[in-house]
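No value in this document is a laboratory result; all are computed from the given coordinates. Only a predicted model underlies this, so the values are computations on that prediction, with no experimental measurement involved. As a convention, Cβ positions derive from the backbone with ideal geometry for all residues, glycine included, and neighbour counts pool all protein chains shown.
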Amino acid sequence: MEASTAHAESHGHMPVANASVEFNREKLGMLLFIFSEVMLFASFFTAYFFIRVVQGGEWMPAGQELPVGVAFANSAILFSSSATMHWALEGVRHNNRKALKAGLVLTILLGATFLGVQISEYAHLGFLPKDSAQATAFFSLTGLHGTHVAVGLIILCVVARRAFKGHYGPEKDKHWGVEIPGIYWHFVDVMWFFVFTSLYLL
Amino acid sequence: MKASHRIAGIVAVVVSSVFLIAFTYAYDWFPTQLTPGSGKIDGLYKLLTAVSIPFFVLIVAFMVFCLVEFRVDPSDPPDKDGEPIHGSTRIELIWTGVPLLVILLLGIYSWVVLDKVEAKQKNPMVINVTGQQYIWNYEYVKNGSEKLGVKTSSDLVVPVNKPLEFRITSLDVIHSFWVPAARLKRDATAGVVTPLRFTPEKTGSYDIVCTELCGVGHSTMRGRLKVVSTADWVKWLKAQKSGGAGGGGTPGGGPDGKQIFTSNGCGGCHKLAAADGAGTTGPALDGAGLSADELRESIVDPGAKIANGFPNVMPATFGKSLSKEELDALVKFLAEAGK
Amino acid sequence: MAVTLRSPGWYRAALSTLIGAAFGCGLVVGLRALFGWDEIVQAESIVSVVLITAPLGFLYGIGCFDYWIHWAAGRPTYVDDHSDHGARSWKDYFRVNTDHKVIGIQYVVTTFFFFFVGGLLAMTFRAELIEPGRQFIDAQTFNALFSAHAAFMIFTFMVPVFAGIANYVLPLMIGAPDMAFPRLNALSFWFLPVAGVLMMASFLAPGGAFATGWTAYAPLSDQAPMGQTFFAVAVQFAGASSIATAINFLVTIVTMRAPGMTFWRMPMLAWANFATSLLVVLATPFIAGSQFMILFDRALGMNFFDAVQGGDSVMYQHVFWFYSHPAVYIMVLPGFGIISEVISTHARKPIFGYRMMAFSLLAIVVLGFSVWAHHMFVASMQDWIRIPMMFTTMLIAVPTGVKIFSWLGTMWRGAIHLRVPMMWALGFITMFVLGGISGVMVAVVPFDIHVSDTYFIVAHFHYVLFGGSMFTIFAGIYHWFPKMTGRMLNDTLGKWHFWLTFIFFNLTFGPMHLVGLEGMPRRVADYASEFAAWNAIMSFASFALGLSTLIFVYNVIVSWRSGKPAESNPWRAQTLEWQISSPPPIFNFDEVPTVVGHPYEYGVPGARHGIFKHPEPLAAAKAPVPAGVGDDD
């Protein structure tokens, strides 16, 4: 109360905000965004659960079999891209720019391969989302995941471009731009584990 | 705070609570009580209200008291503050614990009431209820062990004091089958069959209302539940069986177009004096002067031509649900009745 | 012209909206042609995509993405000079602005615009219901009117208006110079007019506006005319807006509190928005999911809800209510925060049981996720779910009760100033208690079986959302208007506004309890004649209720232009936002204040909440320095 009023005319600059926790803002924002994304996937998993368990129809219906082998190989490709992503991040942390660039390029290539195989799988399945509720659940979950891969790829391309231009550095504040897209990419991979397991394996 | 104020306050709280509770019990807002369950649910409502009233009255009284007692007045210093009371663990525990206890008791009691209301009865009459935009179809399946096999779409006619078991489903979107007099409703969802049970105790005519938004004609999806004496019901059943066997028949054999019009609920949307149709959702058929071909197309493919000013909402299922003979009879009837 | 088209603004927005629409159109037609699908030009899928790409074009044109595109193109990042900060004239409110105070006002004004749209829709269908039978609108329009009324009120008013108030006040309260992500904050705001315009545009769609209720139950919404697609897409934009804002609030509250501002020293409004934002982040994706399913069903012929194909329409209700029940708390918890501020300030008392107030907010968040199926007691779901959901629902009354009792405790032995915000707060308590009581009643399964989908429910949620949330919004506006505009609102008009609203609110919605019990279903264009008398009363009262808000509009406009200038701290409050000028300086503080005590130490001798340092007045404008926003290299 005693604190007297500050005056408008004395302001020419923005004060530096107090950092009330050590945690990086962008990283916290990304983690919260991922919580939200997990819930979006959860809503489609709910649909999957109701179609497969509550309705209790056959999974998948005759004539709509899923190519488990291809998907298995494709999963391996996607999971290995998490490793290359981590390599890129370790690279920038230790000022190894070759590792940064190679890691990012490899991650993008692996991700793009995954997406390509997924699209070709769609084309060769021989059934469409409208053919059954099971097909609907399959296409919507893999499609939702595929969209996330595509968005991740776009972000990684931007990161790669900046990496090749010489941005980012080993200092603590200089590589959030690699680490945070990396978190998103790992999330996409982990999500695939659940999508793959519940659609193809179970 | 003066002692007289305190007493006046307590008296006001007690008197207004008692008055409101008495009013709740004395005045009945509900429709007729058709079943034993109706009374139980009304009683539950009154109990819930009676328990809630003292809470509400106390809260308001306390607020008014604070306003009167602690409001600053012009004689107070301009920077007067309240007493720095930050809380009291004991009081906070009380107002967490007491409502918790009340809530748990009410919950358990409600559970008991629910079990009683939904209890299965012996040898019920089973009636399949199928919702469809914007009519209810009924199929009398069996009465105890006796097979009935009667279908109707107009009034739901049931004998008094007979336990009924409805099995509710839908042909298209979600509807909800509500009998306000029985205080019971249940959604009708395609692909799911849900039960609803009650035993009507009074003869008479009661509302059946669809309470789940089901499209343009939702507000017209109202029907009647007619509870009649057992003798009347047997008579009604006999008439249905003789008139409706194989989808209805005229003395000369073959189905009766008027009965098809009524039993399929056409009158719920279309005005037609000849068959007591009074709906306004769809175009009136009185004096429509349509040819047989036009009528047939409008029934089988209702979206093909839409009368001006009316929405395209007529179910496209009649082409499948009516047999060829029934369709012919209906078209013939409409062509004559709607001249 | 070429220059205007290259820089962000309304000209570029108009152009890029068109480009976005053309792109979406071409994309769908091109893809369908590429794959050789039968119908190359299919309206439903084109509309679904265009409704997404055209608004994205608009958002690009108005300038929401400029910095990010600059960054993505790999150009060197620059230190933000905050030239887009603050508003110097009214025109600055019509462009992308990263100042949380400008965004807050943009939010509040936009949402109130949609509030009046929603209110007009309601009065229109109340006019139709003035007597049984058909008056002047057909059933399709009637269904569209009440659907749009709810959709506007929920998605473009109730949820975002709280985001608007908190946007303005919250960073000031916790001593932050801005939100954590100012550009994301601007984008969140601009999503909102997009959502509102899409919903209004649906009235122009073939077949009329969406008419399946705000709940859009499948399979009805799968089969509805094209207006439904507008609704489904609009909800995506509104949902994205509230998720982005919630993330922003959470990060701001966690990372940007002033030194000394521990969680247990935060004002209740910050706590309330912390709790609300948790709900938004975790629940909102479910309504996004539910509307995506409807879009997919409609545009791609998927079978989420088609029982014949193995789909499940009860699933829609589970997914929908998993968001939409927590949404009720999203629409009321921030109001709880406002009420705590208002009562404590105007009764000049510390909040009674501060920690229990915070814990009860968190308890409501947790319980809020475990009650969704109480909307489905009569749905075709498994019977056993009902009893546990009944108990969890009734349990929510306990933390809510704690809050009510604590507000009353806060008034005890206070020094109560019955100013207009305080009147709204007390009006809120009485009305919300009624809504809470009917809430416990409808939580009870056997009673709910009778009243669900009747006017009793309509009465219940209007007591919670109008008598509850709306009253808190008015309390908040009357409380912070001096801070936001530097002007005082007219007291007499404020009192008139309160009393007329209070009386006609009760006359409009009170009788709905009774007709509901008697057997009048909701969402009907026509009703049995026995309800005619009550319906006429409700309709006339609703018109008066609508008129009473005009007093508020008049008061706001006149006071904003020429009201009595506000002091920096007209209520002598202790929270930080009142310790700076009204309206606050462009960057909030010269230097972030230090917090040394609790925010509500009224009556405690010598207690202080924040300490402000006063540097020498700066010589001219110095070179801008970074606010630490978003630049990683």
Longest principal axis of chain B (C-alpha) makes with the long axis of helix B:324-337 (C-alpha) an angle, in degrees to the nearest 10, of 80 degrees
Stokes-Einstein diffusion coefficient of the range C:398-490, Kirkwood radius over Cα pairs, 20 °C, 1.002 mPa s, in µm²/s: 145 µm²/s
Over the range C:97-562, what is the relative contact order in percent, taking alpha-carbon pairs closer than 8 angstrom and at least six residues apart? 16 percent
Measuring from label point to label point, each 7 Å out along Cα→Cβ, what is the residue C:29 to residue B:332 span in nm? 5.2 nm
Cα centre as origin, Lys/Arg/Asp/Glu Cβ charges: chain C dipole, Debye: 1800 debye
Volume per residue that the Cα convex hull of the range C:1-153 spans, once the total is divided by residue count, Å³: 185 Å³
Exercise: per-residue mean of other protein chain Cβ atoms within 10 Å, C:590-601: 2
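To the nearest 20 Debye, how big is the dipole of the protein assembly as shown about its Cα centre, given +1 on the beta carbon of each Lys and Arg and -1 on that of each Asp and Glu?
In total the dipole reaches around 1160 debye.
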What whole-number distance in Å separates the alpha-carbon centres of the range B:139-213 and the range C:173-229? 39 Å
Within chain C, which DSSP H helices have Cα atoms that stretch 27 Å or more along the helix axis and a mean Kyte-Doolittle hydropathy of at least 0.0? C:10-35, C:43-62, C:100-128, C:182-201, C:227-255, C:268-300, C:420-443, C:491-518, C:532-562
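Evaluate peptide C:166-178: per residue, the Cβ atoms of other protein chains within 10 Å of its Cβ; return the mean as an integer. Show your work: numbers first, answer last.
On the way: counts 0, 0, 0, 0, 0, 1, 0, 0, 3, 4, 4, 6, 3.
Counting other chains' Cβ atoms within 10 Å and averaging over C:166-178 gives 2.
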Grab the alpha carbons of the range B:1-153, take their convex hull, and tell me the volume per residue in Å³. 225 Å³
Virtual spin-label span in nm between residue B:85 and residue B:123, 7 Å along Cα→Cβ: 6.7 nm
When ranked by the protection proxy of mean other Cβ atoms within 10 Å per residue, highest first, what sequence do the peptides C:543-555, A:52-64 form? C:543-555, A:52-64
For chain B, give the magnitude of the charge dipole about the Cα centre (Cβ charges: +1 Lys/Arg, -1 Asp/Glu; no others), in debye to the nearest 20. 1180 debye
Long-range share for the range C:97-562, i.e. C-alpha pairs more than 44 Å apart as a percent of all pairs, stands at 8 percent
Starting from the Cα of residue C:553, step 7 Å along the direction of its Cβ; do the same at residue B:317; then give the gap between the two resulting points in nm. 4.5 nm
With no solvent term and unit scatterers on the alpha-carbon positions of the range A:23-104, Debye gives log₁₀ I(q)/I(0) at q = 0.18, 0.23 Å⁻¹ of -1.01, -1.10
Among the helices of chain A (complete DSSP H runs), which have Cα atoms covering no less than 18 Å along the helix axis and a Kyte-Doolittle mean of at least 1.6? none
Could you sort the peptides B:114-126, B:46-58, C:415-427 by per-residue average Cβ neighbour count (10 Å cutoff), highest mean leading? C:415-427, B:46-58, B:114-126
For peptide C:390-402, how many partner chain Cβ atoms fall within 10 Å of a residue's Cβ, on average? 5
Rounded to whole Å, sorted largest first: equivalent-ellipsoid semi-axes of chain B, Cα gyration tensor: 57, 26, 17
Within the range A:48-62, whose backbone N sits under 20 Å from a point 7 Å along Cα→Cβ of residue A:128? A:61-62
FRET efficiency, 1/(1 + (r/R0)^6) with R0 22 Å, evaluated for residue B:171 and residue B:224 via beta carbons: 0.60
At 1.567 mPa s and 4 °C, plugging the Kirkwood radius over alpha-carbon pairs of the range C:299-374 into Stokes-Einstein gives what diffusion coefficient in µm²/s? 85 µm²/s
Which three lengths, in whole Å and largest first, does the range B:125-244 cover when its Cα atoms are put on their principal axes? 38, 26, 23
Mind pulling the angle between the C-alpha long axis of helix B:3-26 and the longest principal axis of chain B? Nearest 10 degrees, somewhere in 0 to 90. 10 degrees
In µm²/s, what is D for the protein assembly as shown at 20 °C and 1.002 mPa s, where D = kT/(6 pi eta Rh) by Stokes-Einstein and Rh is the Kirkwood radius from Cα pairs? 66 µm²/s
Could you pull the Rg and Dmax for the range A:68-202, using just the Cα atoms, both in Å? 16.3, 54
Here are some pairs, B:147/B:235; B:46/B:226; B:185/B:235; C:403/C:495; which of them have Cα atoms lying more than 23 Å apart in this structure? B:46/B:226; B:185/B:235; C:403/C:495
For the range B:125-244, whose charge dipole is built from +1 on Lys and Arg Cβ atoms and -1 on Asp and Glu Cβ atoms, the candidate among B:223, B:145, B:178 with its Cα farthest towards the positive end is B:145
Picking from A:144, A:132, A:61, whose Cα lies most toward the positive end of the charge dipole for chain A (charges on Cβ: Lys, Arg +1; Asp, Glu -1)? A:144
Nearest 10 degrees, 0 to 90: helix B:89-117 Cα axis against chain B principal axis: 20 degrees
Ranking C:273, C:406, C:458 by how far each Cα lies towards the positive end of the charge dipole of chain C (+1 on Lys and Arg Cβ, -1 on Asp and Glu Cβ), the top one is C:406
Per residue convex hull volume, Cα only, the range B:257-337, in Å³ is 80 Å³
